[in-house]
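A short worksheet on the structure shown next.
Here, each number is a calculation from the coordinates, and none is a lab measurement. Every value quoted in this text rests on a predicted model; they were computed, and no experiment measured them. Cβ atoms come from the backbone with ideal geometry, glycine included; neighbour counts cover every protein chain shown.
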Amino acid sequence: MILAVAGIVSAVLVLFAHDYGYHRDELYFIAAGKHLEWAYVDQGPLTPLIARAMTEIAPDSLTLLRLPSALAAGVIVLLTGLLARELHAKLGAQVLAAVISGVSVVVLFNGHLLSTTTFDLLCWTAATWLIVRAVLRDERLWLAAGLVVGLGLLNKPLPALLAVAVLVSLVVVGPRHVLRSPYPWLGAMIALILFAPFILWQVAHDWPHLEVSANIAGGGSTSSEPWWAVVPFQFLLVSPVLAPVWIAGLVRLFRDPELRFLAVSWVLLAVVFMATGGKPYYLAGMLPLLIASGCVAIPRWLRGRFSLLRKVALGLALVTSLVVDPVIALPVLPVKDTELVVSMNEDVGETVGWPELVSLVAHAYRSGAVIYATNYGEAGAIDRFGPAYGLPPAYSGHNAYWHWGPPPDLAGRVVVVGMSEQQASQYFVGCSVQTRIRNDAGVDNEENGRPVLFCAGPSRPWSKLWPDLRRMG
């Protein structure tokens, strides 16, 4: 039954995979996949490698690009049910845990897009499942947990924080005998070995990831939120009406002497993300564990006083989530009717309008000009759709694009995408607005209304100007 639920979730995600369009991050990953390295300024090599593999098979297929994410979401749902089994839930509660995971916004939305967050969520879910099994069943599974964390670190560094939080929590609240075994330390060594190429790349490039993190902490990301939003945001990542389930799961873990360290880990991670300005979804990797833990006691709760009323309340919560969450997370509505959805989930707006943007850039382009994009989404869109218009590859100072280098110093005229005239005057000369970015659906996303400029050239040679155009975040 758990496997069936997981299969249905993956199938639904594949069904909706082709609608709307590329997300800005997907365009970036496709571009990064053409510049394969052991690390990038803002991530590891895993997601760009997947993007490269999918586009090599079918360059124009959005469905195939997103297939790995759809499968990953199904595995997350499956592992949530298996986590409930490890916590001694009955079959019905295991299935319920899988269903709640499967209708949650965070699983559906990240399963819909090719994203580092998708595989980070999978890593955390698989790691916590293996850690629970290692503590309750077989300590040798710490080796597998180390392998999973190490692979996750090749996607993004966040699993390292999970590992540290688990270690600290075991020291503080136990069971400390776990740390007397060699297996947790061998697992940590495996993770560190796998993480080594990322670390070495960062050292060789003066740790740009720290600059990216600092920029995010300062609010320099479209998905940044205030520090105090980290915990409240968790209520939205599953479903507000199902939040009591994972809250009950957290309480249950606090009451379990053998697994209390996982509840303490959640608290430690929440504090760290609030203190460092981390994004609220960074904590989402613990939600499958909390959902599974919360579902263990639901059968007994349903048999309590006012049993019928409790069953109706749970049923309504599930039906509400099943109806509302896919609308928020998936391209269910016609694209012209997404205004309300975009107000709740801004990332939906970032999947609309990229072909129109490139078409407008093509109309402003003149032969021999350089195309400079303000952010990696614009640059990625030009690289993806530009060849159909005869456009050259884009340059940008944003994240990895900056590391891929400036145009040749002899390059003159410039089409500048997404930068205001006032800002462009700091870097370029002879600029005039050619058009403004818009999309046919009228979605008010980050690019909507931004200018496309044509400039006579850079104010200095590109090699001299390039350090000033650097933007990490």
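General remarks:
- Inspection of the range 438-459 finds no residue satisfying the criterion of being β-branched (V, I, T) and closer than 20 Å to P408 by Cα.
- Filtered residues of the range 56-74 (kept if crowded, with 23+ Cβ neighbours inside 10 Å and within 14 Å of the chain's Cα centre (by Cα)): R66, S69, A70, A72, A73
- Applying a threshold of 7 Å to beta carbon distances and a minimum spacing of six or more residues, or different chains, the list of pairs starting in the range 259-281 at a residue that is β-branched (V, I, T) and ending at one that is in a helix (DSSP H, G or I) reads V264/S169; V264/V172; V264/V173; V272/L161; T276/A217.
- Residue ranges of helices (runs of 4 or more DSSP H) in the range 135-208 with at least 3 members among the hydrophobic types (A, V, I, L, M, F, W, C) and touching a Cys at 6+ places or on another chain (Cβ under 9 Å): 141-153
- Residue count, the range 442-457 (criterion: crowded, with 18+ Cβ neighbours inside 10 Å and out of contact with any Asp or Glu (no Cβ under 9 Å at 6 or more places or on another chain)): 3
- The single condition among (1) surrounded by fewer than 17 Cβ atoms within 10 Å (Cβ to Cβ); (2) outside any helix (DSSP H, G or I) that T351 does not meet is (1).
- Some residue of the range 33-55 being farther than 24 Å from L151 by Cα, touching a residue at least 60 places away in the same chain (Cβ under 8 Å), surrounded by 19 or more Cβ atoms within 10 Å (Cβ to Cβ) and in contact with a Lys or Arg (Cβ under 7 Å, 6 or more places away or on another chain): no
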